[in-house]
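Every number here is computed from the coordinates shown, using simple stated rules; none is lab data. This one's a predicted model, so the numbers in the text were calculated from it and none came from an experiment. Every residue, glycine among them, receives a Cβ derived from its backbone with ideal geometry; neighbour counts consider all protein chains shown.
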Amino acid sequence: MAGGSEAPLAAVPIEATLYKNPSCTCCESYAQYLEKNGFKVTMMATNDLAEISQRAGVPEDLEGCHTMFVGGYVVDGHVPVEVIRKLGLRKSSQRIACNFRMRGGSIDVVVRVY
């Protein structure tokens, strides 16, 4: 940059809307995790989460305590930031869900694109 220094442009946050069960507290932790990683999360507490998930096309066996809409995707469960970013956040009808399962004393993270 000739003639002076310019401050680098701040990264534009990735907007997400997270619908959650009002009694669930892990969703706040997940939202904080997302915000620390460049997301701007709007949280909406609702008693109609199952209906929202079903309308979004989330299979019943993959429904979690929250459903998030981000960049044209439906994200259900605690999907890692790296996985969300790999989607490219372009307009898409893809959905992803993340389930945690205990196996032999360790936690397996299962991410499914459907």
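Some points to look at:
- Once the Cβ-Cβ distance of A50 and V12 is raised to the sixth power relative to R0 = 25 Å, the FRET efficiency obtained is 0.15.
- Amide proton proximity set for E15, modelled H, under 5 Å, gap of 5+: K40
- Near the amide H of A45, within less than 5 Å, lie the amide hydrogens of K20, all on another chain or at least 5 residues away, with H placed in the peptide plane.
- Modelled FRET efficiency - R0 22 Å, T25 with E82, Cβ distances, 0.05 increments: 0.40
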